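Notes follow the structure.
We did not get these values from a lab; they are worked out from the coordinates using the rules stated. Predicted, not measured: the structure shown is a model, and the values here were computed from it. Cβ placement follows ideal geometry from the backbone for every residue including glycine, while neighbour counts extend to all protein chains displayed.
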Amino acid sequence: MKSIPLFLLLAAIVFGSTPVIRASTQDDTVAAVLAANQARNTALVAHDLATLDRLLAPDFNYTHSNNMQETKASHLDSLVKGLRYDKFETTELRVNVITPDVVTVNGIFDQIKGKEGAMKAGRYFFLAVWRKQGDKWQLTSLQSALPPVPAAK
């Protein structure tokens, strides 16, 4: 029986285990981003501005489905001035780890929002870009779009 050279055995161990390590790290990244996404959902409904301030990156930009643009400051200011969420839920989430520090999340959000006495329900597609800053994930970019209108029969 021939013996396997030591360098080939070591290479097989190192390179053969890399996908397992990467998958585990990627799973942890996905879990952390989904937790941050859920924390944002919860903070919107709870009107928790401190949590939202931590979750939104300083360069946060939100392009609404009506093309309105918001920065972090203007987004938080709309909440200070009376915008409320009675419901904010994300579903059908698809997560793509671009790099260990940049992740996109696509999905649908259902919301009920507005000012007191003028709440409106809506369903939107969204694309969110999360970036890791130090040891925390922050939302840096968000874009929403109206679902397509079904074709007339």
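Some points to look at:
- Length gained on full extension, A39 to S141, computed as 0.36 nm times the residue gap minus the Cα-Cα distance: 35.1 nm.
- Gyration tensor (alpha-carbon) shape descriptor, region 107-153, a/c threshold 1.5: oblate
- Spin-label model distance (nm) - L79 vs D101, 7 Å beyond Cα toward Cβ: 2.5
- Highest mean first, the peptides 84-90, 63-69 sorted by other C-beta atoms within 10 Å per residue fall in the order 84-90, 63-69.
- Straight Cα distances below 16 angstrom link K113 to the lysines K81, K87, with same-chain residues fewer than 8 positions distant left out.
- Using a simple spin-label model with pseudo-atoms 7 Å out from Cα toward Cβ, R94 and A152 lie 3.0 nm apart.
- Annotation: peptides 26-34, 102-110, ranked by per-residue average of other Cβ atoms within 10 Å with the highest first, follow the order 102-110, 26-34.
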